[in-house]
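Before any comments, here is the structure.
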Amino acid sequence: MLDKDLFQDIRIRKVITTCLSGQLFLLIMMFLADYIRLGISGDFSSLGTDPGIPGLWLLTVLVCLNLFAQVSVQITDNRLVKRIVAGFVGFYGLFFLGHQLIHYRADGFNPDVHVLLDASHHILAGIALWYAIKWAKLNS
């Protein structure tokens, strides 16, 4: 690999992992915002339906896959793994976008801290996907 190609590869990997790490941080912030809001109101009953136990399991799986994707980006050059990571990054971003749109449809647009957190999450998802696709095509 040429020095220029090596530099590009390292930069792309850093962008992908930074975006995925940022998305995890924002997801944690969303949970904290929910718990603080529910704690202030004194009613945690809505957690029974959103996320509920199945949603909690799904989020746990997605968080673990996010972490495995970040490690995979750092340790492999395998073309299949690159494509799997790019697919996961796309799915991960679309999943949370779809979840937000479902909430907007069901609950209406409610401008609160989640708007900023969700928008930031979606922007990072787009950047991560752009660079994951570039990484998957690099030296293929």
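Values in this text are rule-based calculations from the coordinates and carry no lab data. Because the structure is a prediction, the values reported are computed rather than measured. Backbone-built Cβ (ideal geometry, glycine too); neighbour counts: all protein chains shown.
A compact table of results
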read-out	value
Lone qualifier among ILE84, ILE75 - being surrounded by 12 or more Cβ atoms within 10 Å (Cβ to Cβ) and not small (Gly, Ala, Ser)	ILE84
LEU26 vs. criteria closer than 20 Å to ILE123 by Cβ, in a helix (DSSP H, G or I) and touching a Ser or Thr at 6+ places or on another chain (Cβ under 8 Å)	yes
Cβ-Cβ under 9 Å pairs, at least 6 apart or on other chains, the range 74-93 side of a type in the set (Lys, Arg), far side surrounded by fewer than 16 Cβ atoms within 10 Å (Cβ to Cβ) and not in a loop (DSSP other than H, G, I, E, B)	LYS82/LYS137
Inter-residue pairs, beta-carbon under 6 Å, first within 7 Å of ALA128 (Cβ to Cβ) and in the range 12-23, second in a helix (DSSP H, G or I) and among the hydroxyl-bearing types (Ser, Thr, Tyr), 6+ apart	ILE16/TYR131
Total residues in the range 111-140, condition surrounded by 18 or more Cβ atoms within 10 Å (Cβ to Cβ) and of a type in the set (Ser, Thr, Tyr)	1
Residue satisfying condition, being of a type outside the set (Phe, Trp, Tyr) and either exposed (fewer than 14 other Cβ atoms within 10 Å of the Cβ) or touching a residue at least 24 places away in the same chain (Cβ under 8 Å) (or both), within set LEU65, LEU47, LEU38	LEU65
